[in-house]
Every structure is written in C-alpha cells, then in structure tokens.
1. Just grab the label-to-label distance for THR63 and ASN99, each label 7 Å out from Cα along the Cβ direction, in nm (one decimal).
2. Please report Rg over Rh for the range 95-137, where both radii come from the alpha carbon positions and Rh follows the Kirkwood definition.
3. Measure off 7 Å from each Cα along the Cα-to-Cβ vector at LYS90 and SER53, then give the distance between these two points in nanometres to one decimal.
4. Relative to the compact-globule scaling 2.2 N^0.38 Å, provide the ratio for the alpha-carbon radius of gyration of the range 165-217.
5. Under 18 Å Cα to Cα from LYS41, which aspartates and glutamates show up? Leave out anything in the same chain fewer than 8 places away.
6. How high is the relative contact order of the range 72-221, given as a whole-number percent (alpha carbon pairs under 8 Å, six or more residues apart)?
7. Using only the alpha carbons of the range 45-206, what is the convex hull's orientation-averaged projected area in square nanometres?
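Coordinate-derived values only; no laboratory data. Treat the numbers as computed from the prediction; the structure is a model and nothing was measured. Glycine also receives a Cβ, built like all others from the backbone with ideal geometry; neighbour counts cover every protein chain displayed.
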Amino acid sequence: MKLSTYFILFLILTTACKETKHKQKVIKKTIKVKKKLPSIKDSDWVEMKVLDSSFVYDIRYATTNNFVHQKMYPCAKCYLRGIVAKALLKIQKELRKKNLRLKFFDCYRPGKVQENLWHINPDPHYVANPKYGSMHNRGLAVDLTIVDKNDKELDMGTPFDYFGKKAYHAYKNFPDTVLKNRMFLKKLMQKYNLEPITSEWWHYSYRKKNFPVEKWIWKCP
C-alpha cells in the first residue's frame, strides 16, 4: 500500500472520530434538556417561559391593545408564584394531549400598575382597588384562554377585557360551542385549584395561598 493511501485512511479515521465526539456532545445536551425541572417552592417567582416553551403569550399591558389603550409594562413577561406555575404546567400537559395550549394575557401585575388602572377605571367589578391589592399583584392570578394547534383562540364569546354582561360566567345567550369552551376551561382550571371570578371568563386565581402585594418590576432585555 502506498504512503498516500495510508494518509487518506488516516484522514478518514480522524474525521470519523471527530464526528462521533460531536454526536456524543449533542446527545448529552439533549439529555440535559430533558432532565426534571428544579424544585419550585410555592412562594418562588417563576417566569413561565423558562418552565415550558409551549405556552403562548399576548401580554396586553405591554402593548396599547388593552382597555386603557396605554402601554403599562416595560416589556412582555409572565411571572407567577410557584404554586400557580406548577398548576399551569399540569394544565398545559393535559391540553397538549388534545393539541391545545394555554395563552396568557396577563400574569403578575406590579402594584403601581394596579394603581394606574384603578385611576383610569375605578370599577371594582373589573379592577381591584389598589388599597387592598389584587391577586395579580400577589402573583396568584392569571388571565388566559386556550388556543388550538394553529394558535387560534377557542371561541369564548367575547375578547379579553370585555367589560359587560357577556363576559360573565352566568351569561348563557351564546351558541353551544362558546358555552362548551368556557365550561371546558373552567373545569380544567378548577381541577387544579384555580378559581374563576363572576365577571371575567378569562381570570383565574389560586386562593388557597396568600402572599403580600408586590411592586417590583421585571428587567427587560
């Protein structure tokens, strides 16, 4: 065998070894991603996208597409207390089996923003009095809906932040599809101890825990 032939074989073997090492590194990274999430305490503040990348977001108060037509948040982020985050992870797991997902409109809301919303619309049916604070201010409430595999929202009869009787759970003058969608969301949330309020089909809160009102604002990229 000529020297040049030996040299070619050497190059092939060397390249094969490098490719094998590269594949091993990729596999290790994949395994690492699939490891269990770190333990989460009930009182921890958790950014939802860190726990599960399949959630969908439309954080309205980070835009002008909301009932006050003003941008209230510096950027769109969804933080919640650990007890709520863990419940939502379980709900998302159930929904994904049906090719459905949760979509968040609002999560933790800083106390100062609550004060601003109350100043614009001091109606306790829709905005909690900042004197007492809301469940949003405690990281225990979330505004949400369900979307299908194409990220299209299930028909809930009204848009988010619709202030009127049609947004009430008791309002029944809707097609069966809408009523079934609302009931599906309600039962699923209640299964994991997230309870509705009378006037907003999208609002759910965890009432078995209580935490103080917070005013901190998250950092933006």
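1. Between THR63 and ASN99, the label points sit 2.5 nm apart.
2. That ratio is 1.20, to two decimals.
3. Rounded to a tenth, the inter-label distance reads 2.6 nm.
4. 1.37
5. Within the straight-line limit of under 18 Å, LYS41 reaches these aspartates and glutamates: ASP52, GLU214.
6. Relative contact order, the range 72-221: 27 percent.
7. For the Cα atoms of the range 45-206, the hull's average projected area reads 8.9 nm².
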